[in-house]
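In what follows, a structure is listed as structure tokens, so that the remarks can point back to it.
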Amino acid sequence: MSSSYIIDKLQSSTTTEAPAHIFEFDKQIINLEFSPYLWSHDLICIAFIDKLRVAVIKFQEENDGQIEEVEYTKLQDFPCNSRVHSISWSPEANIRSAPKCILFACSMEDFKINVYNSKLTNSDQEILPSKVVCGHVNYVNDIAYNTTGEYLASASDDLTCRIWLVTNNYEEMRKFYLRSPGVAVKWHQNNSGQVMVGEKYGSVLFYNVTTGNAIMSLRSQASPLLSLDWSPSDSSYVSAMCGGNLVIWYIPNPSSPFYEQLVHPEGGFHVKFLPLSEQKLVSLGAPDNTLKLFSTTKRYPQTITTLKLAHGLTCHHHLPYICVGVDNLMYIWNIS
């Protein structure tokens, strides 16, 4: 099947859906991330050019109709003096029971990783980073806490993936050398010592951080690889955005992709599994910052909308909501 035929089919399936909810801010959104954990799923971190904001977003579906559709509550702002590349929530973050704790990390444009920790005792107090993690000598494209909060992984343009031991003041525990820039890093949901790293030129590498040994690798013929995700509902599935191709591997059969299709003719930026299904994904790419919804059981994706400007893509932990920063607006779609 020719690429032009696929592109024509993708364009013919275009629909436009208005966001279910829109929130306006006084500055442009640079990045944003929902917490991926059940006990803190209503927390979101929104990065602006000069600050980070932690807020709570509650939806009517999970509050027995006690609120009108959606409720946004600011918890705390954190100053930052460098552009945010990536945000990762620690599993230690929790505001549902005492003692309350906000704990997350951001990779910054200055090659450093800032860790923010707040007990929420004074929402007006300026909270500086509790730890600045140094060591990378080029841009840190992605970071991720593992599911126990014991390790923080980082992938960088300096051709390394590093593992920082959180329990020992973020001491560098491992350094894995890469053949091309590290653009994405994710952890296995059930094996807290297994990490996955995506390289820009299409390789996906798996490591055991306890032993330091390589486990396996996957390879895409398309590049650049700019986004990578590990299904939270079934760790047998891995997805990547390689060039304009959506690539999905089924790890028990790693020799060739389980699914591969051109979906963004001018390149894809983000891809994420929807948290409750390994068969449904959402992506953002060019042209026109197109937001698309995929099901591996269907041949063609659904185009949700096109956007003039878009930064970040995040999914709610257990409700069918996806969120994108659009200039100084936060758009939330219900994709049920």
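The values are calculated or read from the model by the stated rules, or taken from the named source; none is laboratory data. On a predicted model such as this, the values are computed, not experimentally measured, just so you know. So basically every Cβ, Gly included, is an ideal-geometry build from the backbone, and we count neighbours across all protein chains shown. Please note that ligands, DNA and RNA were not included when accessible areas were found on the heavy atoms of the full protein model with its side chains. Shrake-Rupley method; radii C 1.70, N 1.55, O 1.52, S 1.80 Å.
Suppose the filter is assigned to a strand (DSSP E or B), touching a strand residue (DSSP E or B) at 6+ places or on another chain (Cβ under 9 Å) and surrounded by fewer than 20 Cβ atoms within 10 Å (Cβ to Cβ); does F269 pass it?
Yes; evaluated as a whole, the condition is true for this residue.
Answer yes or no as to whether I215 is part of a strand (DSSP E or B) and open to solvent by 20 Å² or more (accessible area, probe 1.4 Å).
yes
Check whether at least one residue in the range 51-67 is touching a helix residue (DSSP H, G or I) at 6+ places or on another chain (Cβ under 9 Å) and assigned to a strand (DSSP E or B), and report yes or no.
No.
Please count how many residues of the range 97-129 are loosely packed, with under 15 Cβ neighbours inside 10 Å and at pLDDT below 90.
10
Of the residues that make up the range 177-189, is at least one modelled with pLDDT under 95 and either open to solvent by less than 20 Å² (accessible area, probe 1.4 Å) or under 16 Å from I251 (Cα atoms) (or both)?
Checked the range 177-189: at least one residue is modelled with pLDDT under 95 and either open to solvent by less than 20 Å² (accessible area, probe 1.4 Å) or under 16 Å from I251 (Cα atoms) (or both).
If T290 meets every condition in (1) touching a residue at least 40 places away in the same chain (Cβ under 8 Å); (2) in contact with a His (Cβ under 8 Å, 6 or more places away or on another chain); (3) open to solvent by 10 Å² or more (accessible area, probe 1.4 Å) apart from one, which number is that one?
(1)
Within the range 273-283, is even one residue more than 23 Å from S236 (Cβ to Cβ) and in a strand (DSSP E or B)?
Scanning the range 273-283 turns up no residue that is more than 23 Å from S236 (Cβ to Cβ) and in a strand (DSSP E or B).
Please tell me if S86 is surrounded by fewer than 18 Cβ atoms within 10 Å (Cβ to Cβ) and either part of a loop (DSSP other than H, G, I, E, B) or under 20 Å from the mean Cα position of the chain (by Cα) (or both).
For S86, the condition - surrounded by fewer than 18 Cβ atoms within 10 Å (Cβ to Cβ) and either part of a loop (DSSP other than H, G, I, E, B) or under 20 Å from the mean Cα position of the chain (by Cα) (or both) - is not met.
Name the strands (runs of 3 or more DSSP E) wholly inside the range 294-336 in which the number of residues that are over 25 Å from N141 (Cβ atoms) is 2 or more.
Counting at least 2 such residues, we get 302-306, 329-334.
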